[in-house]
1. Checking the condition in contact with a Leu (Cβ under 9 Å, 6 or more places away or on another chain), surrounded by 21 or more Cβ atoms within 10 Å (Cβ to Cβ), farther than 23 Å from residue 232 by Cβ and at pLDDT 95 or above, which residue from 30, 57 passes?
2. Given the residues 98, 84, which is the only one that is at pLDDT 95 or above and either surrounded by fewer than 19 Cβ atoms within 10 Å (Cβ to Cβ) or of a type in the set (Gly, Ala, Ser) (or both)?
3. What are the residue pairs meeting all of these: first residue in the range 4-30, first residue more than 14 Å from residue 206 (Cα to Cα) and free of Cβ contacts under 8 Å to residues at least 24 places away in the same chain, second residue open to solvent by 50 Å² or more (accessible area, probe 1.4 Å) and among the β-branched types (Val, Ile, Thr), Cβ atoms under 7 Å, and 6 or more apart or on different chains?
Amino acid sequence: MLLKELTDRSPMRVFENSIHGGLGAGNLGVVVARHGMGKTAFLVDIALDDLMRGRRVLHVTIGRTIEHVREYYDEIFHDLAEASALEDVHEVRREIESHRHIKAYLKDTFSVEHLRAHIAMLRETMGFVPVAVVMDGYDFAAATGDELAELRRIAETLKAEFWMAAHTHHTDPRDARGIPEPVAHLANELAVIVYFAHDGRAVHLNVLKDHDNPDVSQLSLVMDPTTMLLRQEG
């Protein structure tokens, strides 16, 4: 399969359509799930989709090493390429790596100011300006509305989509829309909120917030438990 055919047929197009064209530049989005349900894999799926379309992506990881994140990309891309019989695999991988930058922080060294300074350095020294930022390991339990507003301003300045992951527990309270803490009280700063639910066989994607739309779409997408790739049900 050719690369364009692969990206045109990607389940990401279904996901984008379900949230009225995607997250959109300058907006924050978050995937919320319990531990071990594929939040980071979903962020990598989003990043790979952009990278395979020739777009620059900054992956920020908090509490993981760069090597660990690279392994995520290598494993998921390998499964994607194999499942689709992708042509020119080595060239596509080279393009992906040339458009991706990974920045790792220890848990106690991340700050919005450090991130802003790193992005400025990338722009000034490498001419690297991402159109998408994905960030795993961010501590939503300790986050404030002001800090999320600062992250949103980074997204606005870059004109980039900014996706994050949040960890929740089955005992965490939910608001009237079903959004669990520790995200619910920060929902005003988030344009899109996606929740993962496991039914014992697969991880289903549920949109809990879709910009300002009062009605959210019912998705027919699941995360494959073996490859951690998105696929349509049925």
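1. Exactly one of 30, 57 is in contact with a Leu (Cβ under 9 Å, 6 or more places away or on another chain), surrounded by 21 or more Cβ atoms within 10 Å (Cβ to Cβ), farther than 23 Å from residue 232 by Cβ and at pLDDT 95 or above, namely 57.
2. 98
3. none
The rows are residues; the columns are (1) under 15 Å from residue 35 (Cα atoms); (2) in contact with a Cys (Cβ under 7 Å, 6 or more places away or on another chain); (3) modelled with pLDDT under 95.
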residue	(1), (2), (3)
128	no, no, no
159	no, no, no
164	yes, no, no
200	yes, no, yes
216	no, no, yes
220	no, no, yes
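Here is a yes/no grid of residues against (1) over 21 Å from residue 143 (Cβ atoms); (2) out of contact with any His (no Cβ under 9 Å at 6 or more places or on another chain):
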{"site": "174", "(1), (2)": "no, yes"}
{"site": "182", "(1), (2)": "no, no"}
{"site": "185", "(1), (2)": "no, yes"}
{"site": "197", "(1), (2)": "yes, no"}
{"site": "204", "(1), (2)": "yes, no"}
{"site": "213", "(1), (2)": "yes, no"}
{"site": "218", "(1), (2)": "yes, yes"}
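The values are calculated or read from the model by the stated rules, or taken from the named source; none is laboratory data. Since the model is a prediction, treat every value here as computed from it, not as a measurement. Cβ atoms come from the backbone with ideal geometry, glycine included; neighbour counts cover every protein chain shown. Side chains included, ligands, DNA and RNA excluded: accessible areas come from the protein's heavy atoms. Shrake-Rupley method; radii C 1.70, N 1.55, O 1.52, S 1.80 Å.
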